[in-house]
Amino acid sequence: MTKEPRWIVKTPYGKGVVLQKRKEDGMYETQLDGFIGKLYTAEKYPSVTPEINNDVICTFGRGIVESIEGEQCTVRLSSWRLAQRCTVRCYLRLDTVSVVGKKSLREMNTFERVSYGQTLKTKASEQFRQKKYNEALKLYADAIDSVRFVQHDAQSDNYIRADLVLLMVTCSNNAGTCCVQLEKLDQAHRFATNALVLVDALYAKRGKKIHSILMEDGYTDAKLFGEFTTKSRLLLATALHAHDKHDEAIATLKVATTVVTKYLEEKETAEASIKGLKIQEKVIKKLHAQCLHRKRLDKKKEIKRAQAMFGSKSSAASTPDVSSSSSSPKNDSTASTTTVTASTPSTAPASVKPTS
């Protein structure tokens, strides 16, 4: 973790980043933009002018500039953490805040990592709506990686944990959807599996604090354990179907059908969830029909392949009899009885259907 922030300052030679202040002589080591060398000076240069989304440090701590109006700016403090996701905003003069460099991922605490992941998710959703699936996939994957190895501490309350679970599940499913569009089906299978593991873990602890917080936020059981899990299973079935694993795909779709039916029959299911589940139900039926059709075609191919290898009943019926004609008039009696027939098996292997 970096103890000192990296101040972004204005120098006579352009903008620079203060890397450190040397203890032995008090000199500031500054990396100038567009210059390989470094500037060493005892003078403390002023901060650059803040812009929107800049990280800044003010009298009250570290934060992010949300808006600027004239000489005033609004700073949302990131160093303050209040109960139930409440945030603190300060309205300050521009000359009272100093711009600093963004934190690296390893420098962020749990709250900052989750917030960073949510920002990436928002950007990814914009790319997804524009059908820029490569860009969206990268952003979703980065959002997942930003919180994958989060280590919770005393500052990690249940609201952060709930946000973390929701972020991981939704980004995994959305990344899987991008992979299907890009025909990266192995990756889609992996993302969908990760989402299912997380939702199954949440289902095992339903009714407890994290589940209750998500329910308060409007994520009902039909949404969490119905729509989310069905989306994951549809991604799994799509990947399995593409790899000709039709039996596994059909089994996965049957589980998805059971889940959808369960929540559609519940009276407590919200109208929005009912609409989403009905759409998923149609997709399940369509994919199930495709799996059955491909399975029948594969079965016919196997039968034809077996017929080509071992012969068929029609070829057995058309095989001519080979009879020995009498070569000598002295053995007419024996010649008339020595008839040799080419033996063809009566049970052709072509009639044996391959096991599916």
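Laboratory data are not the source of any read-out in this text; all were calculated from the coordinates shown. Keep in mind the model is a prediction, meaning the values are calculated, not measured. Positions of Cβ are backbone-derived with ideal geometry, glycine not excepted, and every protein chain shown enters the neighbour counts.
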Distance in nm between pseudo-label sites at Asp153 and Leu292 (7 Å out along the Cβ direction from Cα): 5.7 nm
Cβ-derived FRET efficiency at R0 41 Å, Glu126 paired with Ala242, nearest 0.05: 0.90
On Cα atoms only, tilt of 110-129 relative to the major axis of the chain in degrees: 60 degrees
Check: the chain dipole with +1 on Lys, Arg Cβ and -1 on Asp, Glu Cβ, in debye: 760 debye
Cα gyration tensor shape of the chain, rounded if a/c is under 1.5, else prolate or oblate by comparing a/b with b/c: prolate
Residues of the stretch 227-264 with amide N under 13 Å of the 7 Å Cα→Cβ point at Ala272: none
Unit charges on C-beta of K, R, D, E only; dipole of the stretch 8-102, Debye: 380 debye
Folded to 0 to 90 degrees: helix 158-181 orientation relative to the chain principal axis, Cα: 50 degrees
Pairwise centroid distance, computed over Cα atoms, of the stretch 128-155 with the stretch 257-302, Å: 28 Å
Under 19 Å between alpha carbons - lysine pairs in the stretch 87-190 that sit 8 or more apart or on different chains: 13
Potential extension, Met27-Lys209 segment - 0.36 nm per residue separation minus Cα distance: 60.4 nm
Estimated inter-spin distance, Thr49 and Thr96, nm [label 7 Å along Cα→Cβ]: 2.0 nm
